[in-house]
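Report on the structure given below.
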Amino acid sequence: MKSIFPDIDKSKLEDFYILIGQNVKRLRKEKGLSQLELSIMIGQKSTSYYSNCENYKNKEHFNLEHLFLISNVLEVDISEFFKEIN
């Protein structure tokens, strides 16, 4: 069966995940929190997993639940994670 979704350039998807990780990192640092502190605050038991998501290491990335929780902890609108960095 043919997919109804157009082919997505994988590099664009990776760039998207990298952008989100960079924005999470920037906003976390602006609030003065470490990766450990923020990962604990969102209920993530593995700081290395959190770090991998922030840096898109091993192709690990934040999911919507992570972004929702992080935006609440950092007190920022979730849309901040999707903005282009100048």
Exercise. State all residues of the range 34-86 that are within 19 Å of Lys12 (Cβ to Cβ) and not in a helix (DSSP H, G or I); if no residue qualifies, say none.
Key: Tyr56, Glu60, His61, Phe62, Asn63, Lys83, Glu84, Ile85
Practice problem: Could you grab the pairs with beta carbons closer than 6 Å, sequence gap of 6+ or different chains, first residue in the range 35-61 and farther than 18 Å from Ser71 by Cα, second one aromatic (Phe, Trp, Tyr)? | Solution: Tyr56/Tyr17
Self-check item: Candidate set: the range 47-82, residues that are on the phi < 0 side of the Ramachandran plot and over 12 Å from the mean Cα position of the chain (by Cα); chosen: the one modelled with the lowest pLDDT
Solution: Thr47
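The values are calculated or read from the model by the stated rules, or taken from the named source; none is laboratory data. This is a predicted model, so every value here is computed, not measured. All Cβ positions, even for glycine, are placed from backbone atoms using ideal geometry, and neighbour counts span all protein chains on display.
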